[in-house]
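Notes follow the structure.
The values are calculated or read from the model by the stated rules, or taken from the named source; none is laboratory data. A quick note: this is a predicted structure, and the numbers were derived from the prediction, not measured. Note that each Cβ is placed from the backbone with ideal geometry, even for glycine, and that neighbours are counted across all protein chains shown. Surface accessibility is based on the protein's heavy atoms, side chains included, excluding ligands, DNA and RNA. Shrake-Rupley method; radii C 1.70, N 1.55, O 1.52, S 1.80 Å.
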Amino acid sequence: MIKKILAAFLTLLMAASAASCGQKAAPTAPPATSAPAATAAPATEAPATKAPATEAPATPAPTDTPAPAFEKDSAEFPGVIGLSTYDPPITLTYARNAGLDHTFAPGQSYENNIWMTEYKDILGININTVWTAEGPDAYDTKLNLAIASQDIPDVFVCNAAQFTSLLKAGMIEDLTDALQKYETPLISDNLKADNGVALGHNTVNGKVYGLPQGSAGPGNFEFVFVREDWRTALGLPEPKTMDDIWNMAKAFTGNNLDNSGLQTYGLGLGNQPFETYWAIRGFCNAYGAYFDQWLKKDDGSIVNGTIQPEMKNALGELKKYIDAGYVNPEWVTTDAYTASQDAVAGKSGIAFGQWWIITWPLPDSYKLGHLWRAYPIPTSASSQPQRVGAVIAQGPRYVVKKGAAHPEALVKMYNLFQERVMSQKYDTTIYKNDGTYDFESLVPIYTVIGPERNGRNYTVVTKAVNAKDPSLLDPGNADQKNNYDRAIAWLNKTGIEDPKAEGYADKFAELYTNWYGFVGTQSVYGIIVDDYTKNNLMKVDVFTGAPTDGMVKYTEQLKSLTTEAITAILSGAEPLDYFDQFVSDWNSTGGSQITQEVNDWYAVYGK
C-alpha cells in the first residue's frame, strides 16, 4: 500500500508546488512528514540512542571486497563530499518493491529514468536490480526468503521486523561513520526535525544501522472527513461533537442527494482496524481511546491503548452506528481501499483517517462534484476538545549489506533525493509526479524526512493570500508561489466552474485540493497548525525505539488477534464484554512481554 500514500503525499506537495507496507492501495503508515521549510530545522539533537540495549553481532567483511573507487567532486555539487562522484563508477545490487498499479511515461522503465541517469552521471553509481517483486506482500515474502538464505543485495528497503532480524544476524552495516561523514547539512537538519524519532527507530546502542524512509510528523494525525455538500444541503451544523456526527450519519443514510440511485450510508468503514484510512483510530480518539499506541499513565507506567477500558467504550459507541444501519452492512468483507472507493463513488459521507486523504483518494470524488472537507476530531461531549492520537509508526528503512564496499553510497543517494525534491530548490517542472517521473515506482531511494515544510508553507502562504501580497512569500520558494497562485485562482473563481462541465473537473480538483489541503484555517494544515499544535491536542506514542524481541516475535499474532476480536464485537458475533477476554488473550499472547520490554526501554531512554 505504500505506493498510494507516497502518491498522496507528493500530490499535496504538487498542490503546494505545481507513503511497513500494507494492503492494496494506500500505506498503513504514510510516510509521514513534509519537506523542509525555508527556515532552519529545529536545533534539537537526535537522541544518542532510541533502541533496546542489544548489541548487533559483528560479522567480518568478505576478504574479496573490491578496492574503493576514487571520489571526486561532482560537476553540479563541487566541494560536497556527500554528493561526490565515484571514478570509476561503482555498481550496487538492489531489490525493488514494485507497485501493483504502476504506469510509466513513454520511453521510461524501472531501469531507464531520470533517477538512474542522475545516480550514474552525478554520483557515479550504477544500480543492478537483482530481483523485483510485484506488490508489498510479494516483496516481504521474497525478502524474508533472501534473509533466511543470507543472500541479500547491497542496498534495499525493509520493514521494522526484518530490520531487527537482519541486525541480530549481523547481516547489515553500521552506517554511523558513513552518515556522519557524508550526510549533507540538509540531511543532518532534516533527520533532527522530528527530534530524531525516526532515526532513533534505526539506532541501537548509539549506532545507526538504517536510514528512515519517513519522519514522525503530522501525517499521523487523525481527522473526520465529511461530504460538505451533503452537510450544507441538509442544513446540518459543522461537526464539533460526536452527537453531531451521529445526527449527520443518520441524515446521510439513504439521502440520495446525488440523484445517483445508490444506497448511501452515513459512516464509511473498512474491516482493517490497523489501517490509517476508513478505519477506527479517529473515531476512538473522540472517546479518549488510542488504538495501537503506547501511552504513559499517571503512575508513570507505559501501556498499550488498544487494551484500555476507553477502547471498550469506543467500540460500544461505534457498534451503535452499525446496529442503526448507518454503516454499510458489507463492511465486514470490505477492506479500507474498497471502502474509500465506495466513498468516492458517493456511497458514504463520513470517514475517519489521516490528513492525506484530502489528496488521495478524495480528488477523484471532487471531479464528480462531491465536495469533502476535513474537520478536527470531535469530542464525545460538548466540553473540551479531545486529544488526537499521533502514532509514531515503525516505518520502512534502507539498509546496506554487511561487507558492502561502499556503505556511504546509500547516504549519497539519500542526499540526492533530498536535494532534488525536499529542498527549497525543488523544481516542479522537472521532478514531478504526473506519471513522467513517477517517484514512488521509479526512484530506488525515496525519503520523506524534514522539518514541517507544509506547515511552514501554510503559515506563509495563508498570510500572503490574506494580504494579496506575494512579496510575503519566502524568497525564491517555488512551492509557496505555486501554492499562492492556486489559492488566488480559487478566490477569483478562475478555472473552478462546475466541475462536471467538460474541461473543468481536473482544474477544479487541483484548486479544491490546494485550498482545503493547506491554505486558510479551514484547511487540513490550518487544523494541524492552528488547532492541534497551538492547543497541544496531540497524544503522541511514547515508544520510539527499534522493535523489541517481543514485537518481532508476536506483533503479527497480536494484530490478527486484535482484528478478529474487534470484528467479532462490531459484527455482533460476540458481545461487548468479550473485550475483557480479548485483553486477557492479548496479554497472554506476547502482549505482557512486549509491555515489559517497552517499560524497560522507557526507564532508560524515555523522556
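The charge dipole of segment 123-255, taken about its Cα centre with unit charges on the Cβ of Lys, Arg, Asp and Glu (plus for the first two, minus for the last two), comes to roughly 160 debye.
Multiply the residue gap between THR563 and ILE488 by 0.36 nm, knock off their C-alpha separation, and tell me the result in nm, one decimal place.
Extra length available between THR563 and ILE488 comes to 22.4 nm.
PHE77 exposes around 20 Å² of accessible area when a 1.4 Å probe is run over every protein chain in place. Amide H to amide H distances under 5 Å link VAL400 with GLU173, where only residues 5 or more positions off or on other chains count and H is placed in the peptide plane. The fraction of accessible area contributed by carbon and sulfur in segment 502-607 is 49 percent, rounded to a whole number (1.4 Å probe; ligands and nucleic acids excluded). In this simple spin-label approximation, ASP469 and SER301 carry label points 7 Å from Cα along the Cα→Cβ vector, and these lie 5.7 nm apart. Compactness check for segment 141-206: Cα Rg over 2.2 N^0.38 Å is 1.26.
Which residue, chosen from ASN271, PRO309, TYR337, occupies the Cα position most advanced towards the positive end of the dipole of segment 269-338, where the dipole is computed from +1 (Lys, Arg) and -1 (Asp, Glu) charges on Cβ about the Cα centre? Projecting each Cα onto the dipole axis, the largest value belongs to PRO309.
For segment 194-207, the Karplus equation 6.51 cos²θ - 1.76 cosθ + 1.60, evaluated at θ = phi - 60°, returns couplings of 9, 6, x, 4, 5, 5, x, 5, 10, 10, 10, 6, x, 10 Hz by residue, with Gly and Pro reported as x. Over segment 320-371, accessible surface divided per residue gives 31 Å², non-protein components excluded, 1.4 Å probe.
Average projection, convex hull of the Cα set of segment 326-371: 3.2 square nanometres. Of the residues ASP229, ASP177, the one with the largest accessible area comes first in the ranking ASP177, ASP229, computed with a 1.4 Å probe on protein heavy atoms. The charge dipole of segment 236-386, taken about the Cα centre with unit charges on the Cβ atoms of Lys, Arg (+1) and Asp, Glu (-1), comes to about 120 debye, rounded to the nearest 20. Note that segment 475-536 presents 45 Å² accessible area per residue, ligands and nucleic acids not counted, probe 1.4 Å. Near the amide H of VAL204, within less than 5 Å, lie the amide hydrogens of TYR209, all on another chain or at least 5 residues away, with H placed in the peptide plane.
Cross-link partners of LYS507 among aspartates and glutamates, defined as those whose alpha carbon lies under 17 angstrom from its own and excluding same-chain residues fewer than eight positions apart: ASP364, ASP434, ASP485, GLU497, ASP498. Taking only the C-alpha atoms of segment 502-547, Rg followed by Dmax gives 16.4, 52 Å. Here's how it looks for VAL388: its modeled amide H is under 5 Å from those of MET538, LYS539, which are all 5 or more places away or on a different chain.
Based on the convex hull around the alpha carbon atoms, segment 443-555 presents an average projected area of 11.7 nm². Listed here are the pairs LYS493/LYS539; LYS192/LYS412; LYS468/LYS534; which of them are more than 28 Å apart at the Cα? In this structure, LYS493/LYS539 lie more than 28 Å apart at Cα. Enumerate the aspartates and glutamates that LYS296 could reach by cross-link, defined here as Cα to Cα under 17 Å, with residues fewer than 8 away along the same chain left out. Partners within reach: GLU310, ASP541, GLU597, ASP600. Here LYS559 sits with roughly 70 square angstrom of accessible surface, probe radius 1.4 Å.
Residue-wise HN-Hα couplings along segment 182-193, as the Karplus relation 6.51 cos²θ - 1.76 cosθ + 1.60 with θ = phi - 60° gives them from phi, are 9, 5, 7, x, 4, 5, 4, 5, 5, 5, 9, 5 Hz; Gly and Pro carry x. Each pair of Cα atoms in segment 302-397 enters the Kirkwood radius, and Stokes-Einstein at 20 °C and 1.002 mPa s then converts it into a translational diffusion coefficient of 134 µm²/s. LEU186 sits with roughly 40 Å² accessible to a 1.4 Å probe, with DNA, RNA and ligands left out of the calculation. Of the listed residues SER188, SER380, SER523, the order by accessible area with a 1.4 Å probe, largest first, is SER380, SER188, SER523. Here's the picture: a label point sits 7 Å out from the Cα of ASN255 along the beta-carbon direction, and within segment 331-366 the residues with their amide nitrogen under 20 Å of it are 339-353, 358, 361-366. How many angstrom lie between the Cα centre of segment 258-334 and the Cα centre of segment 180-216? A separation of 33 Å, based on Cα centres.
Working from the pairwise distances between different alpha carbons, so that the mean of 1/r is found and then inverted, what is segment 241-371's Kirkwood radius in Å?
Details: mean 1/r = 0.0647 Å⁻¹.
Answer for segment 241-371: a Kirkwood hydrodynamic radius of 15.4 Å.
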